[in-house]
Amino acid sequence: THPAGEGPPPNHNDNERRFRELWDQIAPIGRDAGSGGYLRYAFTTPELALRDWFRAQADRRGMPVTVDGNGNLFARWGEPAAPGAVLTGSHFDSVPHGGAYDGPLGIVSAFLAVDELRAAGVTPSRPLVVAAFAEEEGARFGVPCLGSRLLTGALDADRAAGLRDADGVSLAEALGDRPAGPRPDLLGGWSCFVELHVEQGRALVDQGTPVAVASAIWPHGRWRFDFHGEGNHAGTTRMADRRDPMLTYAFTVLAANKEARLRGAHATVGRVRVEPNATNAIPARVTGWLDARAADPETVAGLVEAVRAKAAERAGRDGTEVTVTEESATPLVGFDGDLGGRLAALLDAPVLPTGAGHDAGILAGHLPTAMLFVRNPTGVSHSPAEAATDADCAAGVTALARVLTELTGR
Ligand code: GLV
Ligand code: MN
Ligand code: MN
Ligand code: MN
């Protein structure tokens, strides 16, 4: 017999082995040999290979796959007609040279959790659906959570069809068709969504716990700053005669950093484009993308407004022009408190907010939604340094299996 509250020790080694076996199947796909990071952009060869892997895994488990016309895949275990399916999963796509776990961990864990339920003899009273969402990072077409936004109608299908990647390929071309747009028929069949994700910070390392439940996602968005000046010769143009947009751009980046610090917000310019991008030419145009996030929407709005004003003022001094275009905006997401509280109690896990966006944040506007975070020993994400131990991933699978058992009922 065991003391009250203690069961027999779970066989972690076996769970870790099962995790590693499945993980090793996808680990080489889209990995850049130089950086060790991943280049898994939506609908490109590596991401299509991951989709094939998804279909094979679903097939092996007898789970029929539905495609929604927006690039999202859904594998179902259980009767199609039964109402109130429980949805779980995440995304395959990565940022440029991203980590291995951001996205795929949620999909691999979902299949392994199905295996755990089956091994435990659980027959869910409602269907369980494993999802792979398209273009969560927005690394190819610029709009994050593209697939879930289309599915829920948060993004207009006509606008999305015309989005183009860096090579000028449109989303419609990449999809092979115009996006289908809202799918109330699918949405209406789901009772809740639980996305498991690697943690993208240090909270769980600091707390010494492998798994947490998310409470909220900070409001955030992307603003494109286009700085226009006059392209000219680097050697012959007098310093006083220049209209150099690089100067306005550089000042704006520093201003964004300062304004964010003053407000307790996060501002990042992680992407820049220079035209013509020649060492011996003053640029004609510089484009920088501002990613702004904070705990509340007023702070984000105030931050973006302050950066815009500083950029405009500086443009006046540099003889340049600046235009600002909002490319995406995600409001504050408070995850379903009842569901989150229930899962936190079930797992005896801490509850954390996050500054990272997720498909769960989009779906939260339509059905009760929760997230589980798995500890990341480096605390680093959107980088090859992102990490998770096999033991913690196995603990995540077990936590997800417990959650799905609870939510699907027996
Ligand atoms: C997506 O990972 C984001 O939060 O940018
Ligand atoms: Mn990400
Ligand atoms: Mn992610
Ligand atoms: Mn994300």
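Read-outs: derived from the displayed coordinates by stated rules, not from any lab. Keep in mind that this is a model prediction, so the values were computed, not measured. Note that each Cβ is placed from the backbone with ideal geometry, even for glycine, and that neighbours are counted across all protein chains shown.
Structure notes:
- Each listed q (0.09, 0.12, 0.16 Å⁻¹) maps to a log10 I(q)/I(0) for segment 255-381 from the Debye sum over equal C-alpha point scatterers, namely -0.40, -0.64, -0.95.
- Binning the alpha carbon pair distances of the chain at 10 angstrom intervals from zero yields the distribution 5, 21, 30, 24, 12, 6, 2, 0, 0, expressed in whole percent.
- Cut-off 9 Å between beta-carbons: net charge of the residues surrounding Cys393, Lys and Arg +1, Asp and Glu -1: -2
- Karplus-based coupling profile of segment 130-135, in residue order and whole Hz: 9, 10, 10, 8, 8, 6, with θ = phi - 60° in 6.51 cos²θ - 1.76 cosθ + 1.60 and x standing for Gly or Pro.
- Reciprocal of mean inverse Cα separation for segment 220-330 (Kirkwood radius, Å): 14.2 Å
- In segment 316-410, the GluC sites (Glu not before Pro) that fall in loop regions by DSSP, at most 10 other Cβ within 10 Å: none
- The chain - share of DSSP beta bridges that are antiparallel (%, nearest 5): 70 percent
- A simple packing score, the average count of other Cβ atoms within 10 Å per residue, orders the peptides 132-139, 305-312 as 132-139, 305-312, with the highest score first.
- Per residue, the convex hull spanned by the Cα atoms of segment 193-269 amounts to 179 cubic angstrom.
- Other residues with beta-carbon under 14 Å from the beta-carbon of Asn72 carry, at +1 per Lys or Arg and -1 per Asp or Glu, a net charge of -4.
- Value of Rg to Rh for segment 18-152 (Rh from inverse mean 1/r over Cα pairs, i.e. Kirkwood): 0.98
- Where only DSSP H runs of four or more residues are counted, the chain gives -11000 deg cm²/dmol as its mean residue ellipticity at 222 nm, each run worth -39500 (n - 2.57).
- For the peptides 167-176, 93-102, 245-254, residues were scored by their other Cβ atoms within 10 Å and the scores averaged per peptide; the highest-first order is 93-102, 245-254, 167-176.
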